[in-house]
1. Step through the residues of segment 106-119 one at a time and calculate ³J(HN,Hα) from phi using the Karplus curve (6.51 cos²θ - 1.76 cosθ + 1.60, θ = phi - 60°), rounding each to whole Hz and writing x for Gly and Pro.
2. Is the shape of segment 30-80 rounded, prolate or oblate, going by the alpha carbon gyration tensor and its root eigenvalues a ≥ b ≥ c, with a/c under 1.5 for rounded and a/b larger than b/c for prolate?
3. List the residues, sorted by chain then number, that are 5 or more residues from residue 182 or on another chain and whose placed amide H is less than 5 Å from its amide H.
4. When the helices in the chain are scored as -39500 (n - 2.57) per DSSP H run of 4 or longer and the sum is shared across all residues, what 222 nm value do you end up with, to the nearest 500 deg cm²/dmol?
5. With the Cα gyration tensor of the chain in hand, convert its eigenvalues to equivalent ellipsoid semi-axes via √(5λ) and list them largest first in whole Å.
6. What shape does segment 90-134 have by the C-alpha gyration tensor, where a ≥ b ≥ c are the square roots of the eigenvalues, rounded means a/c under 1.5, and otherwise prolate means a/b greater than b/c and oblate the rest?
7. Segment 311-388 to segment 207-271: how many Å between their Cα centroids?
8. Kindly count the pairs of lysines across the chain whose alpha carbons are less than 28 Å apart, treating pairs on different chains or eight or more residues apart as eligible.
Amino acid sequence: MQVRFWGTRGSIATPGPDTIRFGGNTSCVEVTTNAGACFILDCGTGARALGAALMARGPSPLTATILLSHTHWDHIQGFPFFAPLFVPGNRITVCGPEGSGRSLREVLSGQMEFTYFPVDIGQLPATIVFQELGEGTHEIGGARVVAEYLNHPAMTLGYRIEADGAAVVYSCDHEPFSETLWHESPVLGHAESIVHEGDRRHARFMEGASVVIHDAQYTPEEYPSKKNWGHSTYEYAVELASAAGVRELVLTHHDPTHDDTFVESLEKRAREHANKLGNVVHVCCAYEGLDLTVAPHGGQHVTGSFSAPRGGGELLGGRRILVVDDDPDIRALARLALSQDGHTVIEASSGPEALAAVAEQAPDLVVLDLLMPGQGGLEVLKILRSKPSTAALPVVVLTAMNDEDNTRAGFELGATDYVTKPFSIPQLAARVRACLKRRGSGVT
Ligand SMILES: [Zn+2]
Ligand SMILES: [Zn+2]
């Protein structure tokens with residue numbers, strides 16, 4: 001496989017004299033397999049130059065697959081400027097996460113309405129096929145493509161492309177599931193020592209990859225004020241890649257406020273951190289024009305929770321969700337987040353009320369606070385798991401208790417996910433969607 005970077009910037013394009021070295025175009029990476037399959041990871045403004053290069057390079061007609069992580073601006077703004085779309089006979093498949101409320105075609109055509117752009121999506125001469133993906137394994141363009149839901153305030157997928165005896169992972173717009181990554185006394189470098197099941201799943205997703213392209217928008221100093229914005233620090237990316245036995249880690253989605261000098265210093269710090277961990281992961285910051293030839297790496301396939309077949313395209317709305325919290329403001333916020341997706345929200349303000357509501361109304365998912373007067377959330381969770389009828393009921397813990405002991409206790413008792421307060425409305429909505437999707441597709 002060959003990997004080439006066309007856009008490395010996050011959030012908004014930042015051309016100018018201060019971003020010449022690492023580039024100002026937003027996310028776009030080209031991956032070509034030895035058999036000639038062309039994958040385009042995200043369609044930020046970098047896609048314009050990629051489109052021009054593909055046109056110059058041939059072959060004609062062109063067949064390519066665009067894998068969109070999600071549809072935030074910085075990942076789709078290059079789409080209307082991607083020249084191969086304007087050539088009859090070309091065939092472009094556009095893949096992106098399902099379950100974000102509107103179809104992929106609707107979202108992409110929205111940014112091409114005449115108010116914003118002179119050419120309607122329906123007027124594009126190329127054949128465009130839209131394919132919405134869930135978490136799991138897909139056969140696309142002759143390669144095995146594994147998708148994983150990331151932690152971002154929108155439905156967002158990471159992709160693992162397996163071909164030519166190697167794996168390339170693209171994980172942009174993702175933030176740690178937990179501020180505490182490792183158990184207090186970790187067996188260094190082992191994914192089992194990761195506290196939150198979501199971060200552990202993410203490490204497994206990267207396992208043995210030759211190249212991991214990872215979000216590293218922030219430094220550890222910047223992160224606390226940007227929590228819940230959906231991006232990682234270089235430390236997180238380095239530690240997970242190291243635990244996952246990754247050969248090469250490429251940090252990307254550079255912050256628009258970081259000039260070349262700053263990104264250089266971030267790269268230096270990331271390398272020092274990798275050296276400290278003692279593993280042989282090579283780290284660099286992505287720049288426009290970076291070209292990597294991926295050597296075979298034993299042909300490993302990621303297994304476990306990602307090998308299940310993907311779920312159907314069933315609608316996610318219309319589920320019954322029980323929100324349990326003694327704080328009426330939190331219940332109101334959660335109701336707002338979930339009713340936007342068309343769910344029916346039931347509320348309970350205590351443990352006994354929650355158990356009664358589960359028995360009477362059989363919800364499809366429970367959002368559960370831990371610290372309540374009287375019967376706490378962990379006790380409720382324990383009771384739910386002890387009964388055959390609710391043993392597999394998805395339970396999303398929503399709590400301010402984000403320390404290792406509580407997170408660990410939550411997962412050990414069978415929590416499906418563990419979300420910490422304060423949370424944002426789109427973040428909670430995305431996490432609940434991911435839990436429902438996993439349940440619907442049989443992926444655990
Ligand atoms: Zn982004
Ligand atoms: Zn985003």
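1. Running phi through 6.51 cos²θ - 1.76 cosθ + 1.60 with θ = phi - 60° gives 4, 5, 5, 6, x, 6, 10, 4, 4, 5, 10, 8, x, 10 Hz.
2. Taking the square roots of the gyration eigenvalues as a ≥ b ≥ c, segment 30-80 is oblate.
3. 195
4. Working: 10 runs with 115 residues, N = 444.
Result for the chain: -8000 deg cm²/dmol, rounded to the nearest 500.
5. Over the Cα atoms of the chain, the ellipsoid semi-axes are 36, 25, 20 Å.
6. Cα axes put segment 90-134 in the oblate bin.
7. 35 Å
8. Number of lysine pairs found: 13.
Laboratory data are not the source of any read-out in this text; all were calculated from the coordinates shown. All values reported here derive from a predicted model rather than from experimental measurement. Glycine gets a Cβ as well: all are built from the backbone with ideal geometry, and neighbour counts include every protein chain shown.
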